[in-house]
Amino acid sequence: MSTPQPSPMPPLVIRMHPEDNVAIVANDGGLPAGTVLPDGPAQGLVLREAVPQGHKVALRNLAPGQAVLRYKVPVGYARQAIAAGSWVHERLLDMPAARELQGLPMATEPAPAWSPLEGYSFEGYVNADGSVGTRNLLAITTTVQCVAGVLKIAVERIERELLPQYPHVDGVVGLEHSYGCGVAIDAPGAEIPIRTLRHISLNPNFGGEVMVVSLGCEKLQPSRLLPPGSFPIHDARSPEQGPDNVCLQDAAHVGFMSMVDDIVQRAKPHLARLNARRRQTVPASALVVGVQCGGSDAFSGVTANPAVGFMADLVVRAGGTVMFSENTEVRDAVEQLTSRAATPEVAQDIVRELGWYDQYLERGRVDRSANTTPGNKAGGLSNIAEKAMGSIIKSGSAAIASVLPPGEKLRPDQKGLVFAATPASDFICGTLQLAAGMNVHVFTTGRGTPYGLQACPVVKVATRSELARRWHDLMDFNAGQIADGQMTIEQAGWALFHMLLDTASGRPTWAERWRLHNALVLFNPAPIT
Ligand code: CA
């Protein structure tokens with residue numbers, strides 16, 4: 001055991017909202033009894049007892065039964081009188097009651113009175129449908145996992161033999177996935193993975209070029225994946241002929257190499273059209289940002305997620321789109337979502353999606369309310385409501401303008417803050433946000449994950465400086481500077497906003513530099529036969 005050292009930085013507590021009556025101790029090793037808080041939300045307050053790092057200190061005297069507010073939300077109710085300067089740990093709190101999906105406040109919270117944010121832009125690829133790409137990629141869609149091995153070899157040849165001739169194309173992405181013929185293709189919920197694949201093929205980073213590799217005998221035929229009218233056409237084909245498709249079982253293919261050659265040849269006109277495109281200046285309103293967290297720690301809800309939330313507000317004020325997701329991490333704070341809905345109809349959509357997800361989990365006999373882990377509590381999270389608020393804070397404070405079911409695609413006019421209802425799994429959430437039309441991804445992590453996507457740049461945000469130092473060539477932004485007292489949440493949010501615009505304009509993320517990416521993972525709630 002090492003002897004406790006005096007903290008090298010002055011005492012620092014972080015309050016998440018001006019109306020909060022508790023703040024979080026940021027210092028490594030916590031703060032001892034008798035500490036006088038220097039400036040900030042509680043100038044001159046003396047700690048009555050030691051408070052560990054990540055834990056709450058009462059900023060005011062709390063009466064028995066009084067709501068303890070963090071993020072301006074009750075994370076518990078005082079079991080007894082709590083004096084200002086006390087450590088507010090979970091044994092002093094009664095947990096807020098679990099929320100049913102009935103009787104929720106619907107669109108009760110007025111939208112923040114914001115002035116629009118003007119004059120911010122990035123350099124993007126404007127598509128025919130008005131969407132804007134941040135990368136110029138050729139995507140090759142697949143109908144079934146059976147073709148994945150052939151496509152992989154064809155993609156390697158395209159990269160080696162063709163890409164040097166098309167210097168304005170950023171890369172080739174084989175959209176492979178685990179979907180096979182075992183799926184019950186007409187079962188309830190089976191449309192979700194199909195529309196996910198369809199909509200990923202139309203992601204703005206693929207420039208409206210659609211090319212498919214199919215097997216021939218699979219249930220999910222190219223015409224079902226991409227029906228006439230669902231995809232753009234740039235050559236002489238009629239919509240009824242379907243997308244540009246290489247079918248491996250086609251009688252013209254004699255031997256393996258003829259399949260690979262066919263895919264490589266057919267890629268050329270797509271590459272030529274993509275190569276003719278150039279970046280142009282577009283307003284920041286063209287950003288479609290997906291926010292997500294993974295590998296969270298006690299500081300996710302104190303540093304990285306609040307900074308991302310501030311950034312999200314800036315994107316919304318600039319007229320852009322921000323999606324937040326992760327059903328299981330928002331469910332316990334559902335009333336925060338329904339009250340923030342822009343209209344009662346949007347609140348009803350939130351209830352519908354989360355109700356559907358409750359039933360999906362019940363079918364699998366999963367207990368959503370599995371409590372906070374011992375690690376969460378040791379880190380200062382008293383209960384699931386507090387944990388959920390730490391995740392939701394990524395969405396900032398805008399009114400929720402609309403709700404997107406899993407696998408659906410945003411309409412061009414669907415701006416502002418969107419609740420894209422997805423599972424919390426990093427890969428499934430990322431895959432569904434890609435289908436929605438995301439052109440930049442922001443991912444916060446505390447424990448650390450090398451997460452990346454091939455189709456879209458991922459800006460990774462570390463919750464603490466120790467991780468940012470150790471993973472110096474994986475993490476793009478260090479929100480730990482907030483806990484170090486080097487930056488405010490607002491400053492970090494602005495820095496992230498500028499980093500988003502640079503990334504959207506082509507500056508590679510660390511994951512892109514190393515060519516790190518994870519697999520697409522489809523959300524398939526239907527049975528497998
Ligand atoms: Ca996640």
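The values are calculated or read from the model by the stated rules, or taken from the named source; none is laboratory data. Here the structure is a predicted model, which means the values were calculated and not measured. Cβ placement follows ideal geometry from the backbone for every residue including glycine, while neighbour counts extend to all protein chains displayed. SASA here: full protein model, heavy atoms, side chains in, ligands and nucleic acids out. Shrake-Rupley method; radii C 1.70, N 1.55, O 1.52, S 1.80 Å.
Worth a mention:
- Taken over the range 67-86, the criterion of being part of a loop (DSSP other than H, G, I, E, B) and either touching a His at 6+ places or on another chain (Cβ under 9 Å) or among the acidic types (Asp, Glu) (or both) is satisfied by Tyr71, Lys72.
- Any hit, the range 419-436, residues being modelled with pLDDT of 95 or more, part of a strand (DSSP E or B), surrounded by 24 or more Cβ atoms within 10 Å (Cβ to Cβ) and more than 11 Å from the chain's Cα centre (by Cα): no
- With respect to the conditions (1) within 16 Å of the ligand (Cβ to nearest atom); (2) out of contact with any helix residue (DSSP H, G or I) (no Cβ under 7 Å at 6 or more places or on another chain), Ala276 lacks only one, and its number is (1).
- Note on the range 133-171: residues that are among the aliphatic types (A, V, I, L, M) and closer than 20 Å to Leu226 by Cα amount to 8.
- For the range 26-40, residues that are open to solvent by 50 Å² or more (accessible area, probe 1.4 Å) and in contact (Cβ under 8 Å) with a residue 24 or more places away in the chain total 5.
- Some residue of the range 304-320 being over 14 Å from the mean Cα position of the chain (by Cα) and within 16 Å of the ligand (Cβ to nearest atom): no
- Every condition in (1) surrounded by fewer than 24 Cβ atoms within 10 Å (Cβ to Cβ); (2) touching a residue at least 12 places away in the same chain (Cβ under 8 Å) holds for Ala304 except the one numbered (1).
- Note on the range 438-458: residues that are over 16 Å from Val521 (Cα atoms) and away from the ligand (no atom under 15 Å from the Cβ) amount to 3.
- Count of residues meeting criterion [closer than 27 Å to Val330 by Cβ and part of a strand (DSSP E or B)] in the range 87-106: 3
- For beta carbons closer than 7 Å, sequence separation of 6+ or different chains, a first residue in the range 430-443 that is on the phi > 0 side of the Ramachandran plot and a second that is of a type in the set (Val, Ile, Thr), the qualifying pairs are Gly437/Val288.
- Matching residues in the range 43-57 - criterion: being open to solvent by 10 Å² or more (accessible area, probe 1.4 Å) and not charged (D, E, K, R): Gln43, Gly44, Leu45, Val46, Ala50, Pro52, Gln53, His55
- Filter result for Arg60 (in a loop (DSSP other than H, G, I, E, B), among the charged types (D, E, K, R) and either free of Cβ contacts under 8 Å to residues at least 12 places away in the same chain or open to solvent by 40 Å² or more (accessible area, probe 1.4 Å) (or both)): yes
- Some residue of the range 338-345 being away from the ligand (no atom under 16 Å from the Cβ), touching a residue at least 24 places away in the same chain (Cβ under 8 Å), surrounded by fewer than 23 Cβ atoms within 10 Å (Cβ to Cβ) and among the β-branched types (Val, Ile, Thr): yes
- Counting only helices (runs of 4 or more DSSP H) that sit wholly inside the range 465-529, those with at least 2 residues that are open to solvent by 20 Å² or more (accessible area, probe 1.4 Å) are 465-470, 489-504, 510-513.
- Per the conditions (1) within 16 Å of the ligand (Cβ to nearest atom); (2) outside any loop (DSSP other than H, G, I, E, B); (3) open to solvent by 10 Å² or more (accessible area, probe 1.4 Å), the sole criterion not satisfied by Gly295 is (2).
- Some residue of the range 82-98 being under 27 Å from the mean Cα position of the chain (by Cα) and surrounded by fewer than 17 Cβ atoms within 10 Å (Cβ to Cβ): yes
- Qualifying positions in the range 405-437 - within 14 Å of the ligand (Cβ to nearest atom) and among the charged types (D, E, K, R): Asp426
- Single condition Glu386 does not satisfy, out of (1) surrounded by fewer than 24 Cβ atoms within 10 Å (Cβ to Cβ); (2) modelled with pLDDT under 95; (3) acidic (Asp, Glu): (1)
- Unmet requirement for Asn327, which otherwise passes all of (1) open to solvent by 10 Å² or more (accessible area, probe 1.4 Å); (2) within 16 Å of the ligand (Cβ to nearest atom); (3) more than 19 Å from Thr445 (Cβ to Cβ): (1)
- Matching residues, the range 392-401, being polar (S, T, N, Q) and open to solvent by 10 Å² or more (accessible area, probe 1.4 Å): Ser397
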